[in-house]
Amino acid sequence: MTSLTRALRIASVLLTGMVTSAHYGSRAIIYEGHAGPYEIVAVIEPPMVIPAQVTVLVEIKGGVPDSVTVQPVAYGLESSNAPAPDALRREAGDNQRFRGTVWLMTLGTYRFRLTVHGDQGEGTAVIPVPAILAGKPAWGAGSSLLLLAMGIGLIAGTLMVVKAIARDGLRSPGEPVTAFDDARARRAGREGMLVWAGISGVIAVWWVQLSAGYDARIFQPYQWNVSLASESGTRELRILLDDPRWRRPSARLLSDNGHPLHLFLIRSPALDVFAHLHPVELDSATYRVSLPPLPPGTYRVFGDLVHADGIPETLVDTLTLDNPIASPWVPVSEDDSWWTALDDTATVLRWAEPRGTLSAGSAQLLSFSLRDSTGGVLPHEPLMGMDGHAVVVREDLSVFVHLHPMGTVSMAAMEELALQDGVQAPHDMRHAGTAVTPVSFPWVFPSGGRYRVWGQTRSAGTIVTGAADFVAEEVP
Amino acid sequence: MGNALATAISPQEQTGQQRAPEPVVRSAPGLVLPVVLGASAATLIQVSLLWDMSWHFSIGRDTFWTPPHVGIYAGTLLAAVTAAGLVLRCSRDGGTRSQPSRWVELLGFQGPSGAWVVLLGSAAMAAGGFFDDWWHRVYGLDVTVLSPPHVVLFLFGMAVVQIGFWMLAAVAIGTTPRHSTALRRLGNWLAGTMILVLAVLGTEQTFQTYMHGARFWLVTALLFPFLLIGFRAAGSRWAATSAAAVYTIVRLAVLWILPFFPASPELGPVYSPVTHMVPPDFPLLLIAPAIAIDLLLQRSHPSRAPWKLGFQLGAVFMILMLIVQWPFASFLMSDASRNPIFVTDNFRYNLPSSTYTARGEFFYEPAWYAAVAIGASFLVATVSALGGLALGQWARKLRR
């Protein structure tokens, strides 16, 4: 087990429930890359409510660190608009691991400036972290009941005190209780209950108003409509994007590896057909892409995009193809590709066998390499600026993640935020040349079950795709 | 308590004196020490509360155990222990005496009414603290003064604790005439702490930038006449002035001392630079209407034509406040006030430079809107003053 997997094992305590956001079904932000001269792995779990605390875990893989600080800077602002960096605490027993928390107070995208100080000087990585209200707040059953009991106790106590004072308070010492006093006490009790009813009503109305204000700030994903259109003999998809609340700062989408929208089609339930397409703009709300000759069936469609404010999102839809597409395929982009389980090519993308059982919630390193028919390793070339791409889905399609060798961070958001910081985005993008080393992806399975992983890279100018199945065990 | 207004307005105000003469009360437990402890607890709580506000303006991040929070817990604990001890002493003494009950009986115990109210307020503080923690976990940290848990903490907690000790002082003045002067002063001091806590609750409506607009005058007219009039200790001639003086002195002390301490924000985004603790605003000039209210009440009896008196008090309050606070607000908005005395250039870290406050401008409202609101404030001040008169009348009749 590498230090990477050891470090990411900490993510097991961080993963919370499934929330629809970027990457469907999994929220942890995993970054493997550089902070200046240091190689680091960082895991950040975004919170469910804002304002709130965010836990940051960092492992320094190369170099001897003295200290690690993290400073969250809100979108569009400068470092001087952020509080002083927080120092992370070194983990007991491991000099290379650091952990700490930072407070995020407003909605939007933050850039977390992770700075490592150590034997090789100082280095900073800029990691985008979206801060959104992910859903309705959970009222803990136990604490809510306790709160209710305290409230009832307080109301009852007040009425008792009020009645007692009404009965006794105006009598001189030594005076006996009269019927008049008792009547006054009863009247005070009744009036007290009316007052409490009024106060409770006011607080209830106020609470409802505050709750509605909270609900209004909950992240509302884009809605979209994916439909078939036949034009000049080729099958095309029309994708209509809709912002249900017109609250985005701008309709602009950030270009992720050169494309504003990444579309994935996966035939269900067999998961035996996979397409990775890059629609182009038809107008400001509509995108089009020409479909490869996919066999008929029901397809789950996933769309990855990144908003102008750095918040990534994955949209989900279903598409039924009735007739096979016979006409030749003219892809709109040279990065478009598709794969079926029946594909047979000389070059094979082979995923490495996992060592031991894969546990959900703990760190994994999935890697593939290109092999020829004799099993020899073949060189691969960059695909959209990366050594490779991977897509992980759970067999019931409740989880979908588009992975890069750097992890789950949004590349487009990272580049945009690095620009705001005035630094070069520290990432491992490659634009040319070949390599023979396996392409690895840091990953944490969010839950037990069967998963299918597709890997893609380029070889001799063509995109090569290969799939493998993994079984993750749920850890009790 | 609900019938207090009715009896205050009715002619039978002197019901206390129409009953049987009071028997001699032997060795009732001393109430002076509990009142002193109560005033100390109230002061500790209010100073800590102002410190906590400054903490939120300057540093932002806080935990359960920050020094201002500890001050509030300590003050509450002191209040609760004082009241509980008093109830236990009264219960023990009452059991052995020929008269079965000397004090207010509840659940087998007996004690002065104020002690029971303090215990209620302390319980509300505990519940409010739990509620606040729950609210932060569910809805996230709040960045406002007015949230439901804060209302429970300030209004049902702190204010009730302070009212309880004030009621204790009111009763003590009757039972220990030897110490009545000291008790009157303590009662007025507690009235000052009442003004402090309700001024905190109304902070966001009484910012300097709102001082020429509707909400400032409506909120001021609602809160302060009641506070200045309602908590007069019996026989005290300068009660409102004393209470306003306590409020003013405590706020000035906090205003001038806190900026000596360095601080830097631990939460973002940081829109205004902060290098030292940012104190709550310069106090309102309540001392001016307070003096006028005292002069008016020295010359009139609350039981005669209370509606007319209420209207006069409300009008006096509004006129004096308009005369002093309105031009003073203009001064506070000017550059001349940006010095360590008036401290109008020390902004909280999360105040964007585009706001009215940061630009030193009054929040814009059409002139007619503010004028109508100020007119309505005269009515609101009358109602507030009547409420104060009713409370004062009721407290005069408190015997236990």
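Quick notes on this structure:
- Boolean, residue B:33 is modelled with pLDDT under 95 and either open to solvent by 20 Å² or more (accessible area, probe 1.4 Å) or of a type outside the set (Phe, Trp, Tyr) (or both): yes
- With a requirement of 3 or more residues that are within 25 Å of residue B:133 (Cβ to Cβ) and either within 14 Å of chain B (Cβ to nearest Cβ) or among the aromatic types (Phe, Trp, Tyr) (or both), the strands (runs of 3 or more DSSP E) lying completely within the range A:86-145 that satisfy it span A:97-104.
- Sole residue being touching an Asp or Glu at 6+ places or on another chain (Cβ under 8 Å) and among the aliphatic types (A, V, I, L, M), chosen from B:214, B:233: B:214
- Residues that are facing chain A (nearest Cβ under 7 Å) and closer than 18 Å to residue A:140 by Cβ within the range B:112-145 comprise B:127, B:130, B:131, B:134, B:138, B:139, B:140, B:141, listed in sequence order.
- Verdict on residue B:178 being within 16 Å of residue B:37 (Cα to Cα) and among the basic types (Lys, Arg): no
- The set of residues in the range B:146-160 that are among the small types (Gly, Ala, Ser) and at the interface with another protein chain (Cβ under 8 Å from one of its Cβ atoms) contains only B:147.
- Only one entry of B:329, B:305 meets the criterion of being out of contact with any Leu (no Cβ under 9 Å at 6 or more places or on another chain) and at positive phi, and that entry is B:305.
- None of A:326, A:360 is over 30 Å from residue A:420 (Cβ atoms) and surrounded by 16 or more Cβ atoms within 10 Å (Cβ to Cβ) except A:360.
- Total residues in the range B:297-315, condition under 22 Å from residue B:242 (Cα atoms) and either open to solvent by 40 Å² or more (accessible area, probe 1.4 Å) or basic (Lys, Arg) (or both): 4
- Of all the criteria given as (1) away from chain A (no Cβ under 14 Å); (2) at negative phi; (3) not basic (Lys, Arg), the one not satisfied by residue B:360 is (2).
- Residue that is farthest from the chain's Cα centre (by Cα), among those in the range B:50-78 that are β-branched (Val, Ile, Thr) and open to solvent by less than 30 Å² (accessible area, probe 1.4 Å): B:59
- Test for residue A:343: is it surrounded by 13 or more Cβ atoms within 10 Å (Cβ to Cβ) and modelled with pLDDT of 90 or more: no
- Tally of residues being hydrophobic (A, V, I, L, M, F, W, C) and within 14 Å of chain A (Cβ to nearest Cβ) across the range B:218-277: 4
- Number of residues in the range B:133-155 that are within 12 Å of the chain's Cα centre (by Cα) and open to solvent by 30 Å² or more (accessible area, probe 1.4 Å): the value is 1.
- Taking the criterion of being surrounded by 20 or more Cβ atoms within 10 Å (Cβ to Cβ) and in contact with a strand residue (DSSP E or B) (Cβ under 7 Å, 6 or more places away or on another chain), the residues of the range A:125-144 that qualify are A:125, A:126, A:127, A:128, A:129, A:130, A:131, A:133.
- For the range A:163-215, residues that are within 27 Å of residue B:101 (Cβ to Cβ), among the small types (Gly, Ala, Ser) and either open to solvent by less than 40 Å² (accessible area, probe 1.4 Å) or at the interface with chain B (Cβ under 7 Å from one of its Cβ atoms) (or both) total 10.
- Filtering the range B:344-400 to residues that are small (Gly, Ala, Ser), open to solvent by less than 30 Å² (accessible area, probe 1.4 Å) and outside any helix (DSSP H, G or I) leaves only B:360.
- Scoring residue B:164 on the criteria (1) within 9 Å of chain A (Cβ to nearest Cβ); (2) under 21 Å from residue A:167 (Cβ atoms) leaves a single failure, condition (1).
- Here residue B:324 does not qualify as more than 24 Å from the chain's Cα centre (by Cα) and modelled with pLDDT of 90 or more.
- Sole exception among (1) open to solvent by less than 40 Å² (accessible area, probe 1.4 Å); (2) outside any loop (DSSP other than H, G, I, E, B); (3) modelled with pLDDT of 95 or more for residue B:249, by number: (1)
- Within the range A:312-323, the set of residues being touching a Phe, Trp or Tyr at 6+ places or on another chain (Cβ under 8 Å) and either exposed (fewer than 11 other Cβ atoms within 10 Å of the Cβ) or of a type outside the set (S, T, N, Q) (or both) comprises A:313, A:315, A:316, A:317, A:319, A:320, A:321.
- Residue within the range A:145-162 that is surrounded by 16 or more Cβ atoms within 10 Å (Cβ to Cβ), more than 21 Å from residue A:72 (Cα to Cα) and in contact with a strand residue (DSSP E or B) (Cβ under 9 Å, 6 or more places away or on another chain) present: yes
- Looking only at the range A:272-307, and only at residues there that are open to solvent by 10 Å² or more (accessible area, probe 1.4 Å) and assigned to a loop (DSSP other than H, G, I, E, B), the one that is modelled with the lowest pLDDT: A:284
- Within the span defined as the range B:225-246, one or more residues are closer than 20 Å to residue B:323 by Cβ, open to solvent by 10 Å² or more (accessible area, probe 1.4 Å), in contact with a helix residue (DSSP H, G or I) (Cβ under 9 Å, 6 or more places away or on another chain) and in a helix (DSSP H, G or I).
- Scan of the range A:417-439 for residues that are open to solvent by less than 40 Å² (accessible area, probe 1.4 Å), in contact with a Gly (Cβ under 9 Å, 6 or more places away or on another chain) and either at pLDDT 70 or above or in a helix (DSSP H, G or I) (or both), ordered by number: A:417, A:439
- Boolean, residue A:64 is out of contact with any helix residue (DSSP H, G or I) (no Cβ under 8 Å at 6 or more places or on another chain), open to solvent by less than 10 Å² (accessible area, probe 1.4 Å) and more than 8 Å from chain B (Cβ to nearest Cβ): no
- Near pairs, Cβ below 6 angstrom, 6+ apart or cross-chain, from the range A:356-372 (among the hydroxyl-bearing types (Ser, Thr, Tyr)) to any residue that is open to solvent by 50 Å² or more (accessible area, probe 1.4 Å) and assigned to a strand (DSSP E or B): A:357/A:473; A:359/A:473; A:369/A:377
The values are calculated or read from the model by the stated rules, or taken from the named source; none is laboratory data. This structure is a prediction, so every number in the text was calculated from the model and none was measured. Reconstructed Cβ throughout: ideal geometry from the backbone, glycine too, with neighbour counts over all protein chains shown. Just the protein is used for accessible areas: all its heavy atoms, side chains included, with ligands, DNA and RNA removed. Shrake-Rupley method; radii C 1.70, N 1.55, O 1.52, S 1.80 Å.
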